[in-house]
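What follows is calculated from the coordinates using simple rules that are stated; it is not laboratory data. Remember, predicted model here, so these are calculated numbers, not experimental data. Backbone-built Cβ (ideal geometry, glycine too); neighbour counts: all protein chains shown.
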Amino acid sequence: MSVALRPSSGSAPEFEFTDGTERSVHYIEHGFPCHLVRWHYHDDYELHLIIAGTGKVFVGDHVGRFSPGHLVLTGPRLPHNWISQTEPGEVIELRDLAVQFRMDLLPKMAETAPELLSILPLLERARHGVEFLSVDTEWAQGMFQSIRDSSGPARISLLIELLHKLSGENNYTLLSTLAIRSKADQASQDKIEEVTQFISENFAQDISLGEMAKKVGMNDSAFSRFFAKATGNSFNRFVNRVRISKACELLSETETPITTICYETGFNNIANFNRRFRELKESTPREYRRQSRLRHGTRTLES
């Protein structure tokens with residue numbers, strides 16, 4: 001099996017500069033292996049369609065599988081990579097179709113064209129990666145190729161048509177760890193940011209809903225409803241997501257034993273850690289570490 005190697009200088013994703021001075025919408029297609037297949041991020045949104053091959057997809061802290069028809073929208077600066085499982089010497093001539101567009105293109109247009117406002121929630125979800133689970137592959141491929149073959153205003157029009165269709169899709173999944181999704185007023189946003197910042201900095205400690213409610217001057221039940229609406233998670237689930245996200249980082253970038261990671265990330269026993277990890281990542285910590293090393297092109301000792 002072949003894998004695409006990341007830069008050997010470290011585990012950080014590589015920044016990809018996309019020059020938007022001439023065009024606001026770019027089309028890319030390539031096969032595998034290819035120099036474009038690497039752990040990277042950029043300032044643009046990207047719609048990515050796989051039309052051949054199978055393998056592993058990495059989006060933020062998400063690890064999953066892909067096959068033909070796999071369609072994902074990633075947001076600005078969200079790291080991502082697709083690694084095919086191939087035989088030695090095997091070449092896939094055309095595997096990926098991708099459309100990149102400026103991060104401010106649709107929000108700026110929506111300021112004077114309110115008809116576009118319905119697309120903005122999709123772009124908000126894209127900060128975490130959105131996989132569309134039931135989009136017709138033939139239709140999607142046709143739209144990508146129409147964008148490829150167009151230019152000027154026609155290309156932007158086709159992009160809007162594609163995003164409009166996707167914004168109405170209900171069968172999707174968010175890939176990377178969830179964060180704030182709401183467009184709350186500034187006072188509410190400040191409260192949420194205060195709480196999520198505290199959780200991010202103190203995830204290894206015991207953190208109670210009551211403590212956080214008191215922190216922002218709310219009673220427990222009101223805070224619970226407020227937090228769930230703003231983040232899309234119950235309070236306990238959000239705390240677990242932050243802890244599991246940190247665990248993923250440690251599993252990917254260190255050789256720290258899994259039992260040690262369990263306690264360092266705020267879980268009080270290994271059984272609970274394994275249960276929550278599988279619930280959120282659909283794999284065990286050991287499997288995640290092995291998959292992550294595949295992404296990195298490195299080996300690890302089993303913990």
Notebook entry, point to check: For the range 186-296, what is the charge dipole size about the Cα centre, in debye to the nearest 20, if Lys and Arg each add +1 at the Cβ and Asp and Glu each add -1 at the Cβ?
Noted result: 460
Checklist line | Inter-site label distance for Ser208 and Arg278 at 7 Å from Cα along Cβ, in nm | finding: 3.1
Next item on the list: Write down the radius of gyration of the chain and its Dmax, each obtained from C-alpha positions, in Å.
Entry: 20.4, 62
Margin query: Out of all Cα-Cα pairs in the range 54-101, roughly what percent, to the nearest whole number, are more than 17 Å apart?
Written below: 38
Next item on the list: May I ask you to sort Trp139, Trp82 by Cβ crowding, counting other Cβ atoms within 10 Å and putting the fewest first?
Entry: Trp139, Trp82
Notebook entry, point to check: Which of the listed residues, Pro88, Ala204, Leu116, is farthest toward the dipole's positive end in the chain, when Lys, Arg count +1 and Asp, Glu count -1 at the beta-carbon?
Noted result: Ala204
Note to self: Projecting each Cα onto the charge dipole of the chain (Lys/Arg +1, Asp/Glu -1 at the beta carbon, about the Cα centre), which of Leu174, Leu163, Phe32 comes out farthest on the positive side?
What the structure shows: Leu174
Checklist line | Lys, Arg +1 and Asp, Glu -1 on Cβ, resulting dipole of the range 224-281 about Cα centre, debye, nearest 20 | finding: 480
Next item on the list: For a footprinting-style exposure proxy, rank Phe226, Phe277 by other Cβ within 10 Å, fewest first.
Entry: Phe226, Phe277
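Can you give the Kirkwood hydrodynamic radius for the range 78-205, in Å, rounded to one decimal and based on Cα pairs?
When all Cα pairs of the range 78-205 are included, the Kirkwood radius is 17.7 Å.
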Next item on the list: Set the Förster distance to 30 Å, then compute FRET efficiency between Arg148 and Glu87 from the Cβ-Cβ distance, nearest 0.05.
Entry: 0.55
Check: Roughly how many Å is it from the Cα centre of the range 101-176 to that of the range 210-278, as a whole number?
Finding: 32
Notebook entry, point to check: Based solely on its DSSP helices, what 222 nm [θ] is calculated for the chain when runs of n ≥ 4 H residues each add -39,500 (n - 2.57) and the sum is averaged over all residues, nearest 500 deg cm²/dmol?
Noted result: -13000 deg cm²/dmol
Item checked: Calculated P(r) tail over 17 Å for the range 52-134, as whole % of Cα pairs -> 56
Margin query: Name the residue from Leu97, Ala187, Tyr45 whose Cα lies farthest towards the positive end of the charge dipole of the chain, charges +1 on Cβ of Lys and Arg and -1 on Cβ of Asp and Glu.
Written below: Ala187
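Among Val72, Val37, what is the fewest-to-most ranking by other Cβ atoms within 10 Å?
The fewest-first ordering by Cβ neighbours comes to Val37, Val72.
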Notebook entry, point to check: How large is the charge dipole for the chain, taken about the Cα centre, if only the Cβ atoms of Lys, Arg (+1) and Asp, Glu (-1) carry charge, to the nearest 20 debye?
Noted result: 860
Next item on the list: Starting from the coordinates of the alpha-carbon atoms of the range 8-152, obtain the Kirkwood hydrodynamic radius over all distinct pairs and give the value in Å to one decimal.
Entry: 16.0
Checklist line | Ratio of the Cα radius of gyration of the range 186-296 to 2.2 N^0.38 Å, where N counts its residues | finding: 1.16
